[in-house]
1. When the helices in the chain are scored as -39500 (n - 2.57) per DSSP H run of 4 or longer and the sum is shared across all residues, what 222 nm value do you end up with, to the nearest 500 deg cm²/dmol?
2. Which one of 183, 234, 193 is farthest out on the positive end of the charge dipole of the stretch 146-244, using unit charges on Cβ (Lys, Arg +1; Asp, Glu -1) and the Cα centre as origin?
3. Cut-off is 10 Å between beta-carbons; in what order do 259, 175, 213 appear when sorted fewest neighbours first?
4. Which residue fluctuates most in the GNM of the chain (Cα springs below 10 Å): 116, 95, 250?
5. Taking 56 Å as R0, compute the FRET efficiency from the Cβ-Cβ separation of residue 62 and residue 227 and round it to 0.05.
6. How much length is gained on full extension from residue 365 to residue 166, taking 0.36 nm per residue of separation minus their Cα-Cα distance?
7. Counting only DSSP beta bridges with both residues in the chain, what percent are antiparallel, rounded to the nearest 5?
8. Cut-off is 10 Å between beta-carbons; in what order do 79, 303, 90 appear when sorted fewest neighbours first?
Amino acid sequence: MRERRVPDLELVAQTEKEEEEEDLFDYFYDKPGSLPGTLIIEEDAAPSKIVLIDYNESNATRIHVVNPEDCTLYLDTESVSWVDVSGLGSEDILQRLGKVFDLHPLVLEDVVNVPQRPKIENYDDQLVIIAQMVMPKEKGDGFWIEQVSFVLGKHYLLTVQEEPQRDCFGPVRDRIRTNKGSVRKSGTDYLAYALLDALIDGFFPVLEDYGERIEELEDEVLRNPTRQTLEKIYQLRRELLALRRSIWPQRNAINSLIRGDSDLISPNVQIYLRDCYDHTVQVMDMVETYRELASGLMDVYLSSVGNKMNEIMKFLTVISTIFIPLTFIAGVYGMNFEYMPELKVRWGYFACWGIMVAIAVALCYFFWRRGWFNNFSTIDND
């Protein structure tokens, strides 16, 4: 990452926040006049690393590939070859991978120029799947979001990820290594399903965190709503919108896989993809529910602030009403006219105080009988 000198720490935090929001909501778009198939490599993109997992029912091999051309030997074998590329910072390696796998220039552009909208593209002997993966952050609230691209062939599956540090494919790798389940007994289409299913299941831990955040915000809104509470609700709504923009097109893409007529997806795997589609629908329902709850939190916040203001105004009204007659009496006897009748009375001072106290007590009793003192305790929560 480039080092920038900014004297104001608040400006740094604001800049980082704007960059995170840009990552959540922006899709990649070509500059006007650029050639089709142009690759845009980000300056801070991680170097590309290639890991090849070749397996069949009897054995599995994991290889760290240095030269993309070494993958050619595994593309036409009867075993399943999973070529996992992580990092988009090496243009030369990516271009060579495109030649090895005979990728169309527009496919390579969609894979490298991220983020793209999730979609399905069917070529003659390849099926391209663009998806988005989310993972909860280790520290703090929010989530990481990155693009994962699948290129499915008859005997191989090419996956390209943005970051090498994190993904949600660990359980699938373990099942291949330990030969659990049906993954090593099936073809590349089942492997693609397994990875897609793991990717969709990665949304659930993120949504669990948002459920807990919404519960905490509900308590905060009801007990002590502040300006920071409003900012938290606003940020929550934006992040949920980003989740919705990630899962909605993926639902349509998986539905296209189920209803498509590609020879690379067997009828047996289409049945499994139906279960994956059900998971996307479940994620969509949870996201929509949380968005409605977040919108409801905004209404509750406004109501709580309004009720709090009403209680404060009620308190000030009671104080003002009690002191109005007392101020009137004190004003009358503070005019210092010479022939005021009560000024020469021996017990006039004490009588004035008695009348003022009696009026204050009578007004307090009147307000108490009307229930105005019942909710004043909420004002002390600040």
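Values quoted throughout were computed directly from the atomic coordinates according to the rules given, and no laboratory measurement underlies them. Computed from a predicted structure; not experimentally measured. Cβ placement follows ideal geometry from the backbone for every residue including glycine, while neighbour counts extend to all protein chains displayed.
1. Numbers: 9 runs with 200 residues, N = 382.
Using -39500 (n - 2.57) per qualifying helix, the result is -18500 deg cm²/dmol.
2. Value: 183.
3. Details: 259 9, 175 16, 213 19.
Ascending number of Cβ neighbours within 10 Å: 259, 175, 213.
4. 95
5. That gives a FRET efficiency of 0.60.
6. Numbers: separation 199, 0.36 × 199 = 71.64 nm, distance 6.72 nm.
Length gained, residue 365 through residue 166: 64.9 nm.
7. Values: 32 of 38 bridges.
Close to 85 percent.
8. Details: 79 16, 303 13, 90 19.
With the sparsest Cβ surroundings first, the list reads 303, 79, 90.
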